[in-house]
Structures are given as C-alpha cells and as structure tokens.
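None of the figures in this text is laboratory data; all of them are computed from the coordinates on show. Everything quoted here is computed from the prediction, not taken from an experiment. A quick note on method: Cβ atoms are made from the backbone with ideal geometry, for glycine too, and the neighbour counts reach across all protein chains shown.
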Amino acid sequence: MENVIIEKKINKKIPVKCKNKSNFIPIFMISVAILTILSLFYLNIDWVKLFSRVPDMGHVFWQLGHLDFSKIDLIFSSLLETISIAVLSLLYSLVLGIIFGMFAARNIFKIKALSIFTQSFFTFLRAVPTPVWVLLMLVCLGMGPEAGVAGLCVHTTAFFTKSFAQSFESISDETIEALEATGAGRLSIFFNAIIPTALSQIVAWAGMRLETNFSECAILGMVGAGGIGFVISSSLKGYDYGTAGVAILLVFIIAYLIERMFVRIKRSIN
Amino acid sequence: MKQILKFENVIKRYPNGVHALNGVSFEMKEGEFISVIGPSGSGKSTLLRTINKLITISEGTVVLDGEKISDKKGKALRSLRRKVGMIFQNYNLVYSLSVLQNVLHGRLGFMKGFKGIFGIYSEEDKKKALSLIKELGLEQFAYNRASDLSGGQKQRVGIARAIMQEPKLLLCDEPIASLDPSSAKTIMDLLKDMTSKRNIACIVNLHQLDVAMKYSTRIIGLSKGKIVFDDTPDKLTEEAIEKIYGTSYENLMLGGEKSEKEDSFNCA
C-alpha cells in the first residue's frame, strides 16, 4: 500500500501541506484583495497627483525642522494644559475603572448578571472612539479642557474596566477561598487580597494608558478641547511651521519620558 | 466534652452528577484531632469545605458549635465562618503582601465597615499577630513578602492566619502534600501542638497513613463519599485500610515505622 503511494507520487511533486486544510485563510485573503480594489475605486484616488506632491512632504518636514522658539511660552502653557488633562483623566478613570472592574470581574461578587451587564455596557462605550466622546462633551459642556477631561474619561474608564476585570479574574480562586474561609466580606477580600495582587498589573495598564491619553490629547486640541493640539493645528493652518515643529518635538519628548518612567516604576514594584 | 461539629446524613451532588458525599454522619467533640483518609475523589476535600459552607450541601444538616451552618447565609454565615480556621495544600497566601499582613488577614472577618474594607488593624491585633509569628519561628520574616518564603514557612504563615481567627475548629486540606519530609514533620508537630494548647478541634485531610496514625486521636476513612471507617488509630487494621482504598494491602505505598518493622520482620 505504501509503495503504491510513493510510486504514484514519483512523477509528481510530493505535497507537503496537511491533507484536510481549512480553506478559511485563502477565502480571507481573496476577500481582502477584493475589498482593497473596491475601496480604491470608491475613493477614486488620484495617484498621479499624490506622487507629484511627495516632494512637498520633504519640504514641509524641512520647514518643521526650522524650530521657532518665539512662541515658547504659549507652547509651554498649552503643553502643561495637555499634561494636566491627561493626568486628571487618568486619575479619575483609575478610580472609576477599579470600581467598575470590580463589578465586571466574575470572581468578586459572583453575580453573573452584574458582570455581563457591566462588561457589555463598557464595551459599547469603548466602541465609540475618544474624539467622538470629546465632541459630544464639547456640545454638552462647552469649549475648553473640561470637555477634554470628560471625553477622555469615558473611553479610558471603559478601557480600564475591561483590563482590570481581566487582571482581577486572573487571581486564583484558592486565594479568594482562603479569605472567604476567614469570614471576611466581599469588599474586604477585594481590597485586601485582590487589589494588592493585581497592583503591578494596574500600574502597567495605567502607564500604557497615560501615554495613549497624552497623545490623544494632542488630537483633541484640534477639535477644540484645548491644549497643545490647538497650538499645533492653528500654527499649521497659519503656515507657522517653526512653532508647530517645536510643539510636535515636545509632544514626542514627553511621550517618551512617560514611557521610561513607567518602565522604571513597574520594575521597582516587581 | 462539648460537641463542636455534627454531620447528619449529608449528601452532596455536583451538577455533573457526581455524588461527592453520600450520606455522611459523624460527630466531633472538643479536643479531638481527626484525620480523614481515603483515595483521591473519595470526597475528602468536599467534606472539609461543607463544614464552613465553602461548598453548599444538597441534603442533610451540618451543625457547627450548636448552629446549623447549612442554613446560614450572608452575615450570619460569615460570623460562623470565623469560628473555623482553614489551611490549604497550596497555602493560598497573598504573596505580594508581607507575612504580618497575611497573618492579620485572619482578623478581617471580625472587622466592621471601613476598617475591614481597607485593612486598618488595631494595635492589639498587630501585637497578637507578631507574637504568633514569633511562636512559629518566623520573627525575622515578619516584614518580608510572603513570596520570599519557602514552602514550609509559607504553611506556617497559613497556620498563623488560621489561629489569628481564634477558631474553635481548624480544617487542614492536605497541609503537607507539597512539603518535603522534614518541613512536613515540623508542620504536623506545630498543628498538633498549637491546637492542643488552645483547645482547638482539628480535622486534617491526609494521604499519608503513617502520619494519620501518629498524630490523630481518631481516623475517618472515606470511600466513594461514604464513611467506611471511624475509630481510633489502633483499630485501623489491614482489612480496614483495604476497604478504604478498595485495593489489597500489597498494592499500597505505605511509609512510616509500621511497614518498615514488618519489612525487617519478613527479611529475618
């Protein structure tokens, strides 16, 4: 029998793939290709114009590189505003995220309906992007940093709720059982066993999120929520590339510093 | 002697149809040290966890210190649970906290409201915890993280946490199954010593027959969710052991002096 198979294959090339491979991946790839072509046609992109403008990109970056420090006081004050918005929204969301994460985690109150409700509610909030929340808050609260903080909080809280709930759920049931056996209540177990165990993960999530919030703040300024984003967008619109260059460079430096800081904090916690 | 625990025809069925306990009845008095032996899956762990209602029974009653714990819920259940300390095979400590904090967890059930939630312990509790840590020979580790300790030391912290509750009954779920022989002996000696000094009744789930014979005042043998042996260690004959484990005596790996003596007797 085996000889037959080998002889049969002698003239052909020997196949190497699994016999019953799923055809999901080829179908997926073909669909992606079709969708790409359709999108290109729909958007009607003028490739000739696009490539003719590529040298301009170099020009713009060259202009940005001519840093202009004449408006540094304005840049700094708006940068401080951006940092404050990011930090405040992070703090509020941390507190809210821990509380809602407690409801969303299945192993704390052990009420299935509560966890499912909390999780689906925050999945809905998370599905709507931050700039949309900020625009909504601008309508409700008026222009200014308050709208930025509130809008960022919505999305960040939703994000923390999900990630904290996952961290809480990863704590072994045995540890919780041990404290249940002492007669401790649910909240007591949560604050004395679950939070200390999940603390390093909470710090890691917070660090990641502060970085994201900071860079999102820069975008939010452009829709009118104050901060460095407003400086960047208005100076770009006024062809004041030097000022925009300084602002962008500072955004990059701060984001990098936040990342390094949290790498250090995480290391000292573990 | 006062009765501390009473099981009346307790049945536990799991949703998957397994009968973990199948009509278990026994009584326990103050000062007793009971070992529960039996093969894996015989219901030892379930039996232990029905005592403080970590597992809810399907039928029957469990009476703990004169109160039906099987009917209790919420606050009443929690205050009854304080009377029962528990230690585990895997220690189940909060490893990111200090040894002292882990020991103080034994007081959480007694603390009300705000203080209980945020773990603000009284100076009296702290003094007591420190003296207990000293009694267990861990004084130099009181402010170390629990994760820094060895297995035997972690189990000692587990014992301290349970004793902090000032329990009337101590439940030990295979306390020495993950320990080396030397630490295992330390732990068993400590259990025996601490419980008899404080007049705490003790139930220990064990796989080691020789340990059960040496330390207990009474042995309960479980097989398929039923009590098939319930007597003093000296009554644990070969036939009784064969009945508990459902296999002949030669097929059992038995440590300890008894089998060693017999081996040398057979050789001679």
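Summary of computed values
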quantity: Partner chain coverage, peptide B:88-96 - average Cβ within 10 angstrom; calculated: 6
quantity: Selected from A:E216, A:E174, A:E81 as most flexible by GNM, with chain A as the system and alpha-carbon contacts under 10 Å; calculated: A:E174
quantity: For B:I244, A:I30, A:I219, order by how many other beta-carbon atoms lie within 10 Å, fewest first; calculated: A:I30, A:I219, B:I244
quantity: Flagged links, alpha-carbon separation over 23 Å, of B:K53/B:K224; B:K68/B:K214; B:K2/B:K134; B:K115/B:K192; calculated: B:K68/B:K214; B:K2/B:K134; B:K115/B:K192
quantity: Antiparallel DSSP beta bridges within the protein assembly as shown, percent to nearest 5; calculated: 55 percent
quantity: B:K235 versus A:S22: modelled label distance in nm, points set 7 Å from Cα along the beta carbon direction; calculated: 6.1 nm
quantity: Region A:105-176: trypsin sites (Lys or Arg not before Pro) in DSSP loop, at most 14 other beta carbons within 10 Å; calculated: A:K110
quantity: Among beta bridges that DSSP assigns inside chain B, antiparallel share in %, nearest 5; calculated: 55 percent
quantity: Residue order, fewest to most beta carbons within 10 Å, for A:F51, A:F109; calculated: A:F51, A:F109
quantity: Low-density loop cleavage sites - trypsin sites (Lys or Arg not before Pro) in region A:28-104, where at most 16 other Cβ are within 10 Å (DSSP); calculated: A:R53
quantity: Expected 222 nm ellipticity per residue - DSSP helices of 4 or more, -39500 (n - 2.57), all of the protein assembly as shown, to 500; calculated: -18500 deg cm²/dmol
quantity: Whichever lysines have a C-alpha closer than 26 Å to that of A:K162, once near sequence neighbours (fewer than 8 apart) are set aside; calculated: A:K110, A:K112, A:K266
quantity: In region A:162-270, chymotrypsin sites (Phe, Trp or Tyr not before Pro) in a DSSP loop with at most 11 other beta-carbon atoms within 10 Å; calculated: A:Y239
quantity: Ranked A:V87, B:V84, criterion: other C-beta atoms within 10 Å, fewest first; calculated: A:V87, B:V84
quantity: Total charge dipole magnitude, the protein assembly as shown, about the Cα centre, Cβ charges on Lys, Arg, Asp, Glu only, Debye to nearest 20; calculated: 900 debye
quantity: Scattering profile of the protein assembly as shown at q = 0.10 Å⁻¹ [log10 I(q)/I(0), Debye over alpha-carbon scatterers]; calculated: -0.93
quantity: Ellipsoid semi-axes in whole angstrom, largest first, where each is sqrt(5λ) of the Cα gyration tensor of chain A; calculated: 41, 38, 19
quantity: Distance violations [Cα-Cα > 29 Å] among B:K72/B:K168; B:K128/B:K168; B:K6/B:K154; calculated: B:K6/B:K154
quantity: Protection proxy ranking, peptides B:206-217, B:117-128, B:88-99, average beta carbon neighbours within 10 Å, highest first; calculated: B:88-99, B:206-217, B:117-128
quantity: Euclidean distance of C-alpha centroids, region B:75-103 and region B:8-57, integer Å; calculated: 20 Å
quantity: Ranked by how many other beta carbons lie within 10 Å on average, peptides A:72-79, B:3-10 from highest; calculated: B:3-10, A:72-79
quantity: About the Cα centre, charge dipole magnitude for region A:71-269 (Lys/Arg +1, Asp/Glu -1 at Cβ), debye; calculated: 160 debye
